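Below: one structure, written as structure tokens.
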Amino acid sequence: MTASDRNSIGQSVIDACRAMTALGVNHGTSGNGSARWLAGFLVTPTGLRYETLTPADLVYVTLDGHAHGARAPSSEWRMHCDIYRARPEMNAVLHAHPPYATALSCLREGIPRFHYMVAAAGGPDIRCSDYALYGSAELSSAMVTALEGRKACLLANHGMIVCETDMQRALSLAVEVEALARQYCIARQTGTPVLLTETEMDEALARYATYGKQPGGTE
């Protein structure tokens, strides 16, 4: 890939991180984003505000964990690395601390099958990982477990993380997970949400496989 490819991919990460802030999914310098590139990935640097970033600021990290560049990578680079190693089909990762998803994570609860759009995350529920210190190998391991068969999970007392085949899908999924977390929290404030049965959720998952797809393979 050329330098222009790197710039294009890096800009897509920056644009997605800025969009998360604009959409209320993230704030300040919390959260991070990455995209697969060459034999590793480009990840946002630690401690820099998204509005000031340029593609040159992103850090190239190989899948064996070695960082290359003038900046230090996000403190959460390990989670990105372990997703790319465990999930070769995934090319984009976004991590954020949105209010409702984070609130649920602080209860150490995931999002159950209260709504069919939970299927957007790839399974009948959105799990919450076990707790571990941010940036640690233990957190990354807990995350990988929570992501088995899924494209999103909550991180206990921390936030959420999503992975997808491209950055636009990753951003859409991050927005959807926070919307689901908000809907679930509101439903719990007014009563006890009625969960879909396993059969009903299985039907929703099967139908969601063709959700948004137009004839000819376009979406």
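The values are calculated or read from the model by the stated rules, or taken from the named source; none is laboratory data. Just so it is clear, the structure is predicted and the values come from calculations on it, not from any experiment. Backbone-built Cβ (ideal geometry, glycine too); neighbour counts: all protein chains shown. Keep in mind that these areas ignore ligands, DNA and RNA; they rest on the heavy atoms of the full protein, side chains included. Shrake-Rupley method; radii C 1.70, N 1.55, O 1.52, S 1.80 Å.
Taking residues in the range 150-164 that are farther than 12 Å from V177 by Cβ and polar (S, T, N, Q), and partners anywhere that are open to solvent by 10 Å² or more (accessible area, probe 1.4 Å) and modelled with pLDDT of 95 or more, the pairs with Cβ atoms closer than 8 Å and at least 6 places apart or on different chains are N157/C106; N157/R108; N157/Y131. Within the range 123-140, residues that are of a type in the set (S, T, N, Q) sit with their Cβ atoms under 6 Å from residues that are open to solvent by less than 50 Å² (accessible area, probe 1.4 Å), at 6+ positions apart or across chains, in these pairs: S129/A142; S129/M143; S129/A146; S129/C153; S129/L155; S129/A156; S140/M79; S140/D82. Taken over the range 142-167, the criterion of being outside any strand (DSSP E or B) and open to solvent by 10 Å² or more (accessible area, probe 1.4 Å) is satisfied by A142, V144, T145, E148, G149, R150, K151, N157, H158, T165, D166, M167. Residues in the range 100-115 that are open to solvent by 30 Å² or more (accessible area, probe 1.4 Å), in contact with a strand residue (DSSP E or B) (Cβ under 7 Å, 6 or more places away or on another chain) and within 11 Å of V177 (Cβ to Cβ): there are none.
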